[in-house]
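Coordinate-derived values only; no laboratory data. Treat the numbers as computed from the prediction; the structure is a model and nothing was measured. Heads up, the Cβs are rebuilt from the backbone with ideal geometry, glycines too, and the neighbour counts pull from every protein chain shown.
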Amino acid sequence: MPEAAAHVLSGKVREVYALDEERLLLVASDRISTFDVVHPTEIPDKGRVLTGLSAFWFARTREILPNHLLALRPDGRSMECRRLEMLPLECIVRGYLAGSGWKDYLRTGSVCGIELPPGLRESERLPEPLFTPATKAQEGHDENIDWERATALVGAERYAQVERASLALYRFAAAYAAERGIIIADTKFEFGLDRTGRVVLADEALTPDSSRFWPAEGYAPGGPQPSFDKQYVRDYCEALGWDKAPPGPELPEDVVAGTRARYVEAFERLTGILFEDYLAHPKVVLR
Ligand code: Q0Z
């Protein structure tokens, strides 16, 4: 465990510790959630896959935007990060119409005040990736917001800056993933300001927990797509008839093994690095 570091924050599946005034430790557990509920059963190495992928993307996007990563710990699941002043905006980019974007489109023909052409189908690729910010909800779900509400939170100049950065990061990662058979349908970025006021990419980035990853093989707009990583868990939960209220159900061995294999497959396809090499030497993702 983190040597005498003070615990400062808990997410559903991650923890934040304070190392000192300037640095935080982000630790990704092996917990998994579906339908916003954490299961009592863990997926071995899931936290290492997510941390390895974040670190991989941080290393490869440094020239697009600086990021908060200072060091990857030998445990493969912990990142030492620069402590930033976080912007109160979830910076979501959508390349495909899914989740709340699809719901908003069905209801209003728009997403975050951006009008879309009529007749789009669920999971369809958008003409251009959209920057669709949301509020950071303390409880419950983030709320998609329009330009007016977003600029009221961060100002028009910051908004333009994070919009530009988010779209550049998404375009880079989506093109990279597409060559490796993975569709990044959408993704959420978080940004902070360093002490000089520079915008820095923070939190996790371009992981299956902060994005929708779909297998490119079998992609078929007109309905929901299977999740690259969580589909076995979702299918098991649907077959159980669980009402999706907490607590989540325990997961059987075959679902755990199949899900672990999918996380490892996403890692290996995207990074081109064997997961066992990452476990032996986490810093291989930074080269
Ligand atoms: C990230 C979060 C998590 C729960 C705060 N570099 C940074 N500086 C200041 N604050 C943060 C960061 Cl990354 C920060 N979160 C999101 C992460 C568990 C919540 F691992 N909250």
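Figures for the structure shown
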| quantity | calculated |
| --- | --- |
| Count - residues of region 147-163 that are exposed (fewer than 15 other Cβ atoms within 10 Å of the Cβ) and either in a helix (DSSP H, G or I) or in contact (Cβ under 8 Å) with a residue 24 or more places away in the chain (or both) | 5 |
| Residue ID - farthest from the ligand (Cβ to nearest atom), chosen from residues in region 1-29 that are free of Cβ contacts under 8 Å to residues at least 40 places away in the same chain and closer than 30 Å to Pro226 by Cβ | Lys12 |
| Residue match in region 36-56 (condition: in a strand (DSSP E or B) and either in contact with an Asp or Glu (Cβ under 6 Å, 6 or more places away or on another chain) or surrounded by fewer than 15 Cβ atoms within 10 Å (Cβ to Cβ) (or both)) | no |
| Test for Ala173: is it over 18 Å from the mean Cα position of the chain (by Cα) and in a helix (DSSP H, G or I) | no |
| Residue within region 198-205 that is basic (Lys, Arg) and away from the ligand (no atom under 16 Å from the Cβ) present | no |
| Every residue from region 99-136 that is at positive phi and of a type in the set (Ser, Thr, Tyr) | Ser123 |
| Single residue of region 111-142 satisfying the filter (within 16 Å of the ligand (Cβ to nearest atom) and hydrophobic (A, V, I, L, M, F, W, C)) that is surrounded by the most Cβ atoms within 10 Å (Cβ to Cβ) | Ala134 |
| Single residue of Thr41, Thr34 found to be in contact (Cβ under 8 Å) with a residue 40 or more places away in the chain, away from the ligand (no atom under 14 Å from the Cβ), touching a Cys at 6+ places or on another chain (Cβ under 7 Å) and more than 24 Å from Thr151 (Cα to Cα) | Thr34 |
| Qualifying residue in region 242-253 (condition: in a helix (DSSP H, G or I), over 19 Å from the mean Cα position of the chain (by Cα) and either of a type outside the set (A, V, I, L, M) or surrounded by 14 or more Cβ atoms within 10 Å (Cβ to Cβ) (or both)) | yes |
| Condition met for Arg260 (under 22 Å from Ala178 (Cα atoms) and either touching a Gly at 6+ places or on another chain (Cβ under 6 Å) or in a helix (DSSP H, G or I) (or both)) | yes |
| Residue count for region 125-146, restricted to those that are in contact (Cβ under 8 Å) with a residue 12 or more places away in the chain and either in a helix (DSSP H, G or I) or over 20 Å from the mean Cα position of the chain (by Cα) (or both) | 1 |
| Test: residue in region 48-58 that is among the aromatic types (Phe, Trp, Tyr), within 27 Å of Ala165 (Cβ to Cβ) and within 13 Å of the ligand (Cβ to nearest atom) | yes |
| Residues of region 81-110 that turn out to be part of a strand (DSSP E or B), buried (at least 17 other Cβ atoms within 10 Å of the Cβ) and within 11 Å of the ligand (Cβ to nearest atom), as a count | 3 |
